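Asker: Attaching a single structure in structure tokens format; questions to follow.
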Amino acid sequence: MNPIDLIVEPLSYGFMVRALVTTVVAAVVCALLSCWLVLVGWSLMGDAVSHAVLPGVVLAYVLGAPFALGAVVFGFLAVGLIGAIRDTSRVKEDAAIGIVFTTLFALGLVLISVTPSQTDLNHIVFGNVLGVSVGDLVQVAALGAVVAAVLLYKRRDLVLYAFDPGHAHAIGLSPRRLGALLLGLLALTAVVALQVVGVILVVAMLILPGATAQLLTDRFSRMLLIAPVLSVVCATVGLYLSYWLDAAPGGLVVVTQGAAFALVYLFGPRHGLLTRRARRDGAAPPAAVGRVEG
Amino acid sequence: MSPAAVDTAAIEVEGLTVRYGPLVALDGVSLRLAPGTVCGLIGMNGSGKSTLFKSMTGLLRADSGRVRLGGHEPATARRRGLVGYVPQAEAVDWAFPVSVRDVVMMGRYGRLGPTRRAREADRAAVAAALARVELADLADRQIGQLSGGQRKRAFVARGIAQEAEVLLLDEPFAGVDKRSEATMSSLLAELAAAGRTVLVATHDLQALPALADEAVLLRRRVLLHGPVEEVLRPENLARAFGIDPLEQGSRT
């Protein structure tokens, strides 16, 4: 089979086209947000919120409300509970995060088990990108557009919040409000991404692109380009792999992104582990460099 | 004190008390600084220096007492961009992907529209501030690629670009070599000569005479506020530190 067919053949199926578009949208939005999450140090929080939205999404389904609404409510509820437990008991923050998000996630699983039409809802947990309907796709695209627009509109304030919240406060901005904004966007993004990879793996799409981009540049504006491009390429490759290998698409998207991170971590031109080692070991004679590369 | 100085205190703290639960961090602290002063804030770890700074910028709510900066409530002073803050080195992520110029531009954000897009005047102010602290050549470096002293100067440049009237510096000499320390001291003196007011929390007693006109000895309350020579007298330092302070100062 020639390479063109490898790329074109899957697109003769409507479900693959919808899957590809959904994956690309989710990859872009998650990658944009991930640039801030890794810099603020919210990876664990991203994990917690993306799991904790599950009961909100299920309840929204039951009540016929938009998934996004349920997700945002439970995202904030989770963060509120984590803060309350940390501040009013001797339990430390990481334990508080573990307690709140697993409990809410478990509550979501229980709600799924007692809600009729279980098949639909189980897709939230593991993702069902190959079964995305046109309606789902429209919702993902609309939410994704809103999140991306807000992120880009407020990007400088959010960078300031990540870099120096004390200065943000000192010049009359509200770090608390900026944090809440980022949190709301995180909950909405979780809804976008769970269509593709499911609740369990959302956090991967929310951390990997930003973390990888961080290793490739010293400029935030470039992170905002590198992360989405990388994320889209990996997600597309992952989706194609899943078609040709007949394996789980959500899993392969994340595995591909993880592999890209590993490559950059080891061989990245600036901060790669082996690159730095090679640089340190030499004023390396050209021959030695050739051997490393060969 | 002349009546004029009373009217125009740049920093005015009255009876400030802050408790963390049962712990009293600040106990009735009062302090007045006239415009154009460089004042050292001296005290041990836990003496309340950081708490005082946080109360002045409004990050912490005091249990009682009041703060005025340039004659304004702290919230108003913040909105007007009167307060510049130079954080401790440990409080900054030096691997953060921002350039020196980006950091200084953050000083202008309070004056910019909702997207913080810089105008020509802002770029000019940032360039001038960078030149002022002699970092113009390094403006496009990532912030962590500067030396300890240069990093501090970048944050001072941010306060200059902000046109802050009151500059608060938290331990600016930690991890900074002697030459950079001297550069910083003369920079702050020049800013003060131009009418700005500078309050510097520091452990470094050796550097104090070159740095400041006056100093405050803090140990949860103000033990002494006076000229540097007076504050540095051993009997006064002993009250603040409880041990031979010059011994300890020379280690840092």
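The values are calculated or read from the model by the stated rules, or taken from the named source; none is laboratory data. In this text the structure is predicted, and so the values were computed from the model without any measurement. No Cβ is skipped: glycine too gets one built from the backbone with ideal geometry, and neighbour counts run over all protein chains shown.
Asker: Among the numbered criteria (1) surrounded by fewer than 18 Cβ atoms within 10 Å (Cβ to Cβ); (2) more than 10 Å from chain A (Cβ to nearest Cβ); (3) out of contact with any strand residue (DSSP E or B) (no Cβ under 7 Å at 6 or more places or on another chain); (4) small (Gly, Ala, Ser), which single criterion is violated by B:Ser64?
Answerer: If we test B:Ser64 against (1) surrounded by fewer than 18 Cβ atoms within 10 Å (Cβ to Cβ); (2) more than 10 Å from chain A (Cβ to nearest Cβ); (3) out of contact with any strand residue (DSSP E or B) (no Cβ under 7 Å at 6 or more places or on another chain); (4) small (Gly, Ala, Ser), just (3) comes out false.
Asker: Restricting attention to segment A:141-158, which residues are within 24 Å of B:Ala75 (Cβ to Cβ) and either within 7 Å of chain B (Cβ to nearest Cβ) or without any contact (Cβ under 8 Å) to a residue 24 or more places away in the chain (or both)?
Answerer: A:Arg156, A:Asp157 - these are the residues of segment A:141-158 that are within 24 Å of B:Ala75 (Cβ to Cβ) and either within 7 Å of chain B (Cβ to nearest Cβ) or without any contact (Cβ under 8 Å) to a residue 24 or more places away in the chain (or both).
Asker: Considering only residues that are outside any helix (DSSP H, G or I) and out of contact with any Leu (no Cβ under 6 Å at 6 or more places or on another chain), which ones fall in segment B:167-187? Outline the logic, then answer.
Answerer: Initially, segment B:167-187 is screened for residues outside any helix (DSSP H, G or I), giving B:167-177.
Within segment B:167-187, B:Leu167, B:Leu169, B:Asp170, B:Glu171, B:Pro172, B:Phe173, B:Ala174, B:Gly175, B:Val176, B:Asp177 qualify.
The rows are residues; the columns are (1) at pLDDT 95 or above; (2) of a type in the set (A, V, I, L, M); (3) over 20 Å from A:Val233 (Cα atoms).
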position	(1), (2), (3)
A:Leu6	no, yes, no
A:Arg18	no, no, no
A:Val49	no, yes, yes
A:Leu59	no, yes, yes
A:Val73	no, yes, yes
A:Ala84	no, yes, yes
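Asker: Further, regarding this structure: For segment A:116-124, check the following and say yes or no: at least one residue is within 20 Å of A:Leu63 (Cβ to Cβ), touching a Ser or Thr at 6+ places or on another chain (Cβ under 8 Å) and in a helix (DSSP H, G or I).
Answerer: First, the residues of segment A:116-124 that are within 20 Å of A:Leu63 (Cβ to Cβ): A:116-124.
Retained after the next criterion (residues that are touching a Ser or Thr at 6+ places or on another chain (Cβ under 8 Å)): A:121.
Now narrow it down to the ones that are in a helix (DSSP H, G or I): A:121.
Yes, the conditions are met somewhere in segment A:116-124.
Asker: Give me a count of the residues in segment B:111-123 that are at the interface with chain A (Cβ under 7 Å from one of its Cβ atoms) and assigned to a helix (DSSP H, G or I).
Answerer: 0
Asker: Now a separate question. When you go through (1) touching an Asp or Glu at 6+ places or on another chain (Cβ under 6 Å); (2) more than 8 Å from chain A (Cβ to nearest Cβ); (3) closer than 20 Å to A:Tyr161 by Cα one by one for B:Ser55, which number turns out not to apply?
Answerer: Among (1) touching an Asp or Glu at 6+ places or on another chain (Cβ under 6 Å); (2) more than 8 Å from chain A (Cβ to nearest Cβ); (3) closer than 20 Å to A:Tyr161 by Cα, B:Ser55 violates only (1).
Asker: May I ask you to list the residues in segment A:41-71 that are crowded, with 19+ Cβ neighbours inside 10 Å and either within 14 Å of chain B (Cβ to nearest Cβ) or touching a strand residue (DSSP E or B) at 6+ places or on another chain (Cβ under 9 Å) (or both)?
Answerer: Residue satisfying the conditions is A:Trp42 alone.
Asker: Could I ask something else about it? Filter segment A:214-233 down to residues that are at the interface with chain B (Cβ under 9 Å from one of its Cβ atoms) and either touching a strand residue (DSSP E or B) at 6+ places or on another chain (Cβ under 8 Å) or not aromatic (Phe, Trp, Tyr) (or both), then give me how many there are.
Answerer: First, the residues of segment A:214-233 that are at the interface with chain B (Cβ under 9 Å from one of its Cβ atoms): A:214, A:217-223.
If we keep only those that are either touching a strand residue (DSSP E or B) at 6+ places or on another chain (Cβ under 8 Å) or not aromatic (Phe, Trp, Tyr) (or both) too, we end up with A:214, A:217-219, A:221-223.
Final tally of qualifying residues: 7.
Asker: Mind listing whichever residues of segment B:78-110 are crowded, with 18+ Cβ neighbours inside 10 Å, more than 8 Å from chain A (Cβ to nearest Cβ) and charged (D, E, K, R)?
Answerer: Listed by number, the residues that qualify are B:Arg101, B:Arg108.
Asker: Which of the residues spanning segment B:226-243 are under 24 Å from B:Ser185 (Cβ atoms) and either of a type in the set (A, V, I, L, M, F, W, C) or touching a helix residue (DSSP H, G or I) at 6+ places or on another chain (Cβ under 8 Å) (or both)?
Answerer: Our first condition is that a residue be under 24 Å from B:Ser185 (Cβ atoms); within segment B:226-243, this holds for B:226-234, B:236-237, B:240-241.
Within segment B:226-243, B:Val228, B:Glu229, B:Glu230, B:Val231, B:Leu232, B:Pro234, B:Asn236, B:Leu237, B:Ala240, B:Phe241 qualify.
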